[in-house]
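Working notes for the structure below.
The values are calculated or read from the model by the stated rules, or taken from the named source; none is laboratory data. Values in this document were obtained by computation on a predicted structure and should not be read as measured data. Neighbour counts are summed over all protein chains in view; Cβ atoms, including those assigned to glycine, are modelled from backbone coordinates with ideal geometry.
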Amino acid sequence: MTSPLNASLSSEQVQHYRQQGYLFPLPVLSDTEAIRLRAELEGGEKMQGKPLDRLQCNKSYLLFDWADELVHHPAILDAVESLIGPDILCYMTNLFTKEAGSSSYVSMHQDAAYWGVDADDVVTAWVALSPATAESGVMKIQPSSHKTLLQQVNTYAKDNLLSRGQEIPVDNLDSSKQLYMELDPGQMSLHHFQLVHGSDANTSSDRRIGFAIRYVAATAKKIGAEESALLVRGDNHSGFIMEQRAKPLSRRQRIQQHTQALRRQMHNLFEPGDEANWQERLRLKATKALGLGLSYWKEISAR
């Protein structure tokens, strides 16, 4: 597989995305690129003696060259530009790694329910760095579910990879319509941020590594407290604080910018909804305090 010179979407692909809320599989990385980027990720984990932690898995492009390369990859940006235009921000990224045989999963949910972005569309590019199959816990979706926001509950389930264990009650889902978006290493899927999606546990013998890149048009307005984003193509016309690309920065500068970006994000991510009872509000406050404390410790440790 080779990386396409022009990965812009066809009119038929754009129409399918608008109607169904997703596209897959799309080739973006050559076999060599996919192998190299996985090796860089796992090489960094080996150097620190453990897999990336939850903070490192969020906005990884502010820390690591392999992630910076991916969010700027021309083939990915060409496809995204076909959907949201030429001015593009990377709002955040999430590295979802499920170890072989682990019980980690992602409950069925909609991202738009808890992201503080006022935009017609936010696109997630989910890039596979390992085989992503039904057995390994690839993303599963409910097509056309991006047209309506559904009620979600916070479960805080132990093995759930989501920050609050956000979950749409099963009675509001139609499992007969759900499908698995299986990918080879180097392929990606695209999905709308209101699309219902989740993933099962990894029962295969290999790690399942997926890098989810959240792109938004650079005209988007921010809801709630200020947050930052990285301009990856075109010009910025949004209300986001602009992040600096990591490549020219020192390790200390990268960690400082990363922790500051996450602290801004946490103030919105763990903000209780109007319907939250006092127990939920207390739990969210404690979760946010723990995350903020850990981010400050990481920043201090890097000095």
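Exactly one of (1) more than 17 Å from the chain's Cα centre (by Cα); (2) of a type outside the set (A, V, I, L, M); (3) under 19 Å from Gln256 (Cα atoms) is unmet by Ser82. Its number?
Looking at each condition in turn, Ser82 falls short on (3).
Select from region 71-101 the residues that are farther than 22 Å from Gly186 by Cβ, in contact with a Lys or Arg (Cβ under 9 Å, 6 or more places away or on another chain) and surrounded by fewer than 20 Cβ atoms within 10 Å (Cβ to Cβ) and list them in ascending order.
Passing the criteria: Pro86, Asp87.
In region 194-224, what residues are in a loop (DSSP other than H, G, I, E, B) and either out of contact with any strand residue (DSSP E or B) (no Cβ under 8 Å at 6 or more places or on another chain) or under 14 Å from Val138 (Cα atoms) (or both)?
Across region 194-224, the qualifying residues are Gln194, Asp200, Ala201, Asn202, Thr203, Ser204, Ser205, Asp206, Arg207, Thr219, Gly224.
Test each condition in (1) at pLDDT below 90; (2) closer than 20 Å to Tyr215 by Cβ; (3) buried (at least 19 other Cβ atoms within 10 Å of the Cβ); (4) not aliphatic (A, V, I, L, M) for His197 and report the one that comes out false.
Unmet condition: (1).
Give me the strands (runs of 3 or more DSSP E) completely within region 54-163, filtered to those with at least 2 residues that are within 30 Å of Pro248 (Cβ to Cβ) and of a type in the set (A, V, I, L, M), ordered by residue number. If you could, list the steps in order and put the result at the bottom.
Working: elements: 88-98, 106-109, 122-128, 139-142.
Strands (runs of 3 or more DSSP E) meeting the threshold: 88-98, 122-128.
Considering every residue within region 11-19, establish whether at least one is β-branched (Val, Ile, Thr) and in contact with a Ser or Thr (Cβ under 7 Å, 6 or more places away or on another chain).
In the first step, residues of region 11-19 are kept if they are β-branched (Val, Ile, Thr); the result is 14.
If we keep only those that are in contact with a Ser or Thr (Cβ under 7 Å, 6 or more places away or on another chain) as well, we get 14.
Yes, region 11-19 contains at least one residue that is β-branched (Val, Ile, Thr) and in contact with a Ser or Thr (Cβ under 7 Å, 6 or more places away or on another chain).
Right, Ser205: within 15 Å of the chain's Cα centre (by Cα), farther than 19 Å from Phe24 by Cβ and of a type outside the set (A, V, I, L, M) or not?
Numbers: within 15 Å of the chain's Cα centre (by Cα): no; farther than 19 Å from Phe24 by Cβ: yes; of a type outside the set (A, V, I, L, M): yes.
For Ser205, the condition - within 15 Å of the chain's Cα centre (by Cα), farther than 19 Å from Phe24 by Cβ and of a type outside the set (A, V, I, L, M) - is not met.
Could you count how many residues in region 57-81 are in contact with a helix residue (DSSP H, G or I) (Cβ under 8 Å, 6 or more places away or on another chain) and either polar (S, T, N, Q) or closer than 19 Å to Ala39 by Cβ (or both)?
Summing the residues that are in contact with a helix residue (DSSP H, G or I) (Cβ under 8 Å, 6 or more places away or on another chain) and either polar (S, T, N, Q) or closer than 19 Å to Ala39 by Cβ (or both) in region 57-81 gives 12.
Just for region 225-266: of the residues that are in a strand (DSSP E or B) and either touching a Lys or Arg at 6+ places or on another chain (Cβ under 9 Å) or touching a residue at least 40 places away in the same chain (Cβ under 8 Å) (or both), which one is surrounded by the most Cβ atoms within 10 Å (Cβ to Cβ)?
Only one residue tops the list, namely Ala229.
Taking region 234-270 only, how many residues are farther than 24 Å from Ala119 by Cβ and among the small types (Gly, Ala, Ser)?
Number of matching residues: 2.
In region 108-136, how many residues are more than 14 Å from Ser199 (Cα to Cα), hydroxyl-bearing (Ser, Thr, Tyr) and over 12 Å from the mean Cα position of the chain (by Cα)?
Within region 108-136, residues that are more than 14 Å from Ser199 (Cα to Cα), hydroxyl-bearing (Ser, Thr, Tyr) and over 12 Å from the mean Cα position of the chain (by Cα) number 2.
Mind checking which residues of region 4-61 are under 21 Å from the mean Cα position of the chain (by Cα), surrounded by fewer than 15 Cβ atoms within 10 Å (Cβ to Cβ) and hydrophobic (A, V, I, L, M, F, W, C)?
Selection gives Ile35, Ala39.
Do you know which residues across region 102-121 are at pLDDT 90 or above and either over 24 Å from Gly186 (Cα atoms) or surrounded by 21 or more Cβ atoms within 10 Å (Cβ to Cβ) (or both)?
Ser103, Val106, Ser107, Met108, His109, Gln110
Only residues in region 7-35 that are farther than 11 Å from Leu83 by Cβ count as the first member; pair them with residues that are of a type in the set (Val, Ile, Thr) and at pLDDT below 95, Cβ under 7 angstrom, at least 6 apart or cross-chain, and list the lot.
Matching pairs, first to second residue: Ser30/Thr2.
Just need a number here: residues in region 118-149 that are more than 21 Å from Tyr105 (Cβ to Cβ) and among the hydroxyl-bearing types (Ser, Thr, Tyr).
Qualifying residue count for the region: 2.
Got a number for residues in region 219-245 being small (Gly, Ala, Ser), under 19 Å from the mean Cα position of the chain (by Cα), modelled with pLDDT of 95 or more and more than 30 Å from Ser104 (Cα to Cα)?
Result for region 219-245: 0.
Does Pro51 satisfy the criteria of being in contact with a helix residue (DSSP H, G or I) (Cβ under 9 Å, 6 or more places away or on another chain), modelled with pLDDT of 95 or more and within 24 Å of Val196 (Cβ to Cβ)?
Values: in contact with a helix residue (DSSP H, G or I) (Cβ under 9 Å, 6 or more places away or on another chain): yes; modelled with pLDDT of 95 or more: yes; within 24 Å of Val196 (Cβ to Cβ): no.
No.
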